Amino acid sequence: MFISYNWLRELTGTKLDPPEIRDRLTNVGLAVDAVEARADDFVLDVEVPSNRGDCLSHVGIARELSVIDRSKVQSRKSEVLNTKDKTTDFAAVEIRDPDLCPRYAARIVRGVKIAPSPEWLVKKLEAIGQRPINNVADMTNYVLHELGQPLHAFDLAKLEENRIVVRRARQGETIKTLDGVDRKLDSEVLVIADADKAVAVAGVMGGEESEISNSTVDVLIESAYFDPSSVRRTARMLGLHTEASHRFERGTDPEGVLAAQERCVALISEIAGGVVTQDALDVYPKTFESKSVSLRASRVEAITSLSVSESEMKRILDALGFVLRADELSVLTFTVPSWRHDVSIEEDLVEEVARHTGYDNIGTGLPPATLAGEYHFTEKRKRALRQALSACGFDEAISLSFIESTDAFELIPQLANHPSVKLTNPIIEEASSMRQTLLPGLLNSIRHNLNQGIRDVCLFETGRVFAAANKGELPREREAIALVATGGAREAGRAQPVRELDFLDLKGAAEAAGDAINLSELRYEAATVKHLRAGQSAKIFSDSTQVGTIGRLSDTIAGSYKFRQPVFVAELDLTAQLEMPERPVLYSPLPRFPSIVRDVSLLVDRTVSVANLMGAAQAEKPAYFIGATFVGTYEGEGIPDDKRSATLRFEYRADDRTLRDEEVDQVHWPLVQSLQKTFSAEIR
């Protein structure tokens with residue numbers, strides 16, 4: 001937002017030069033990006049935070065400056081000299097949707113002469129980048145930039161029955177806005193209408209049919225307070241971002257409606273002539289209730305380490321518009337000004353004091369504590385998990401907790417079928433929801449690495465994921481772990497990867513993580529997963545509980561990230577895993593006698609998994625049987641298309657002697673025959 005230095009001097013009488021104002025405003029949280037000389041003025045480009053709508057005006061910035069240089073903001077009131085008759089004699093106002101428009105005021109100036117604005121007004125507007133239009137329209141813009149209250153001027157003769165009706169648009173209703181575009185509205189858009197049709201989009205832009213022209217004689221000046229979320233939705237839906245919508249979205253001053261209107265009509269009658277009605281037609285169904293917030297002087301030092309006297313606290317808050325209501329036993333109670341929507345608790349007042357005392361003066365130190373520090377009971381296992389994944393070649397990543405959307409991803413079971421938590425006022429459009437999955441953040445990291453020419457990437461992240469709960473309840477929270485891998489597998493001492501990463505690399509890392517926290521062996525079942533490629537995806541189970549998914553990223557999502565190489569991803573519910581009992585660590589003496597192994601290759605249907613074969617072998621439990629391990633599979637020449645060869649290694653051992661081949665054969669071949677029968681397999 002552009003702020004005129006000369007305008008600030010008129011308001012505060014400041015003796016600081018523009019570079020000094022730039023530095024001092026930046027130090028109190030209003031970053032000034034640049035200072036530019038324009039004619040006989042300087043313009044400051046101020047970056048106003050989204051929660052500080054009160055600073056989107058010269059008076060708002062002057063209020064902050066008055067605290068800095070201990071000056072006083074000059075009252076910007078104008079006296080209306082030429083008044084006659086009441087507004088109700090010429091117009092009527094009706095609010096049909098007070099939830100979207102809590103206050104609407106109208107006042108009329110009759111007999112105006114539309115002409116170019118005087119030189120002083122043109123210079124002020126041009127200095128801050130505003131194009132002059134005519135004396136009436138320019139004056140509404142002038143008051144907007146001075147006081148932060150958007151105003152709109154209607155040609156009274158163009159309003160059917162001289163009526164103003166504030167209502168939701170009819171479904172499919174259209175309006176041609178001042179930019180000459182026909183816009184189609186829906187039933188959630190608030191409009192300003194006359195007795196017949198919409199004449200303006202509330203809080204965003206006026207309509208072309210009721211705009212001020214050279215033939216205008218009587219003007220109706222609108223000053224209102226609109227619901228910020230309604231204006232935000234409308235502006236985004238229509239693709240319109242205006243000076244008015246920018247302020248209404250962030251919250252204007254509901255109690256400043258009449259003051260801004262009074263200032264505007266007084267200046268219009270002064271420069272454009274005309275007679276002003278004696279009063280405003282002010283429709284205010286539910287009046288604004290001021291808030292009170294208490295501040296304990298001791299809390300300022302406890303929170304910020306800043307030592308600030310009570311008198312200095314009072315000076316700062318008084319200059320910012322906070323009215324001291326009570327001062328008892330070092331507890332100061334202030335009435336919050338109607339333009340400060342961002343202040344509601346004691347810590348907000350602490351922040352105001354800290355800003356103007358100086359963030360740079362805050363010392364560095366550990367917070368006081370009465371208890372000895374200790375790790376959370378799960379921290380030891382999580383640390384072991386991180387070490388295991390690091391040993392597997394994975395690097396830990398940390399992503400933002402706010403993302404745009406997770407609709408394309410299947411969530412961990414505990415958060416499935418629950419909507420995301422939406423931010424009421426997101427700082428950026430691409431971070432409007434609390435994350436329900438860790439995968440988008442990791443995929444962004446993969447994309448960043450690929451854009452930098454790094455194609456071999458293995459990352460993991462642990463962190464909280466969220467989902468909306470029932471109304472009035474806090475969001476659901478779960479801790480999750482996600483892994484992503486793409487490119488080639490690297491080995492120590494090798495400049496080039498020795499092979500391409502595949503599903504089994506990610507599966508091995510997930511199992512290593514499970515072993516590190518002493519969980520039962522993970523089990524995998526082929527399944528259809530929304531964000532994974534069909535036929536290359538599985539659900540992960542620990543005992544009988546599903547804890548996550550694993551597989552290759554689907555082509556649709558890979559295409560949206562512009563990945564040109566396979567990306568394998570896994571995500572597990574870490575909270576569920578840490579709640580499971582740890583597997584006991586068992587010790588036994590080393591065997592005294594050697595084992596005997598038998599390899600067998602079975603020709604089975606492609607639908608039969610190695611896990612099925614090994615599970616069936618373990619279930620047989622023949623004598624001397626120690627276990628089965630997977631050797632490999634073969635598909636190709638000599639193997640039917642619907643078959644594959646799976647080779648398993650069975651191990652046998654006796655505790656009291658060395659087994660003979662005949663003894664092993666007696667238990668081995670019945671086991672093999674049982675597998676043949678169960679899976680309709682053939683021995684190769």
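The values are calculated or read from the model by the stated rules, or taken from the named source; none is laboratory data. The shown structure was predicted, so the numbers you read here are calculated from the model rather than taken from an experiment. Note that we place each Cβ from the backbone using ideal geometry, even for glycine, and neighbour counts take in every protein chain shown. Ligands, DNA and RNA are stripped out before the accessible areas are found, and what is left, the full protein with its side chains, is counted by its heavy atoms. Shrake-Rupley method; radii C 1.70, N 1.55, O 1.52, S 1.80 Å.
Here are the numbers for this structure:
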{"quantity": "Those lysines that a straight Cα-Cα span of less than 29 Å connects to residue 86, excepting residues fewer than 8 apart in one chain", "calculated": "77, 113, 158, 197, 286"}
{"quantity": "Qualifying chymotrypsin sites (Phe, Trp or Tyr not before Pro) in the stretch 472-580, DSSP loop, other Cβ atoms within 10 Å at most 16", "calculated": "561"}
{"quantity": "Between helix 439-451 and the chain: long-axis angle, C-alpha atoms, 0 to 90°, nearest 10", "calculated": "90"}
{"quantity": "Whole-Hz couplings from phi, Karplus 6.51/-1.76/1.60, listed for the stretch 498-504; x for Gly and Pro", "calculated": "7, 6, 7, 5, 9, 4, 5"}
{"quantity": "The chain - percent relative contact order, Cα under 8 Å, separation 6 or more", "calculated": "9"}
{"quantity": "Computed E for residue 229/residue 325 - FRET, C-beta separation, R0 41 angstrom, nearest 0.05", "calculated": "0.85"}
{"quantity": "For the stretch 423-483, size of Cβ-based charge dipole, Lys and Arg +1, Asp and Glu -1, in debye", "calculated": "100"}
{"quantity": "Angle in degrees between helix 58-68 and the longest Cα principal axis of the chain, rounded to the nearest 10", "calculated": "80"}
{"quantity": "Where chymotrypsin sites (Phe, Trp or Tyr not before Pro) fall in DSSP loop in the stretch 582-659, at most 10 other Cβ within 10 Å", "calculated": "587"}
{"quantity": "Residue-span extension gain [residue 418 to residue 213] - 0.36 nm each, minus C-alpha spacing", "calculated": "68.5 nm"}
{"quantity": "Helix axis angle, 610-620 relative to the chain longest principal axis, alpha carbon, degrees", "calculated": "50"}
{"quantity": "37 °C / 0.692 mPa s Stokes-Einstein diffusion coefficient of the stretch 328-456, Kirkwood radius on C-alpha pairs, µm²/s", "calculated": "162"}
{"quantity": "Cα-based equivalent ellipsoid, the chain: semi-axes from gyration tensor eigenvalues, Å", "calculated": "71, 31, 22"}
{"quantity": "Inter-centroid distance (Cα atoms) of the stretch 468-543 relative to the stretch 436-451, Å", "calculated": "15"}
{"quantity": "Chymotrypsin sites (Phe, Trp or Tyr not before Pro) lying in DSSP loop within the stretch 335-399, provided at most 14 other Cβ fall within 10 Å", "calculated": "375, 377"}
{"quantity": "Whole-Hz ³J(HN,Hα) from phi, Karplus 6.51 cos²θ - 1.76 cosθ + 1.60, for the stretch 577-586, glycine and proline x", "calculated": "5, 6, 7, 6, x, 6, 6, x, 8, 9"}
{"quantity": "Alpha-carbon centroids, the stretch 66-115 and the stretch 234-307: separation in whole Å", "calculated": "12"}
{"quantity": "Accessible-area order (highest first, 1.4 angstrom probe) of the listed residues 110, 325", "calculated": "325, 110"}
{"quantity": "Reachable aspartates and glutamates from residue 677, criterion Cα separation under 14 angstrom, eight or more residues apart if same chain", "calculated": "605, 620"}
{"quantity": "Spherically averaged projected area of the stretch 305-386 from its Cα convex hull (nm²)", "calculated": "9.2"}
{"quantity": "Accessible-area order (highest first, 1.4 angstrom probe) of the listed residues 418, 531, 152", "calculated": "418, 152, 531"}
{"quantity": "Backbone HN-Hα couplings from phi across the stretch 273-282 [Karplus 6.51/-1.76/1.60, Hz, Gly and Pro as x]", "calculated": "x, x, 10, 9, 5, 5, 9, 9, 7, 9"}
{"quantity": "Cα centroid separation, the stretch 193-226 to the stretch 326-361 (Å)", "calculated": "39"}
{"quantity": "In Å², nearest 10: area of residue 458 left accessible to a 1.4 Å probe", "calculated": "30"}
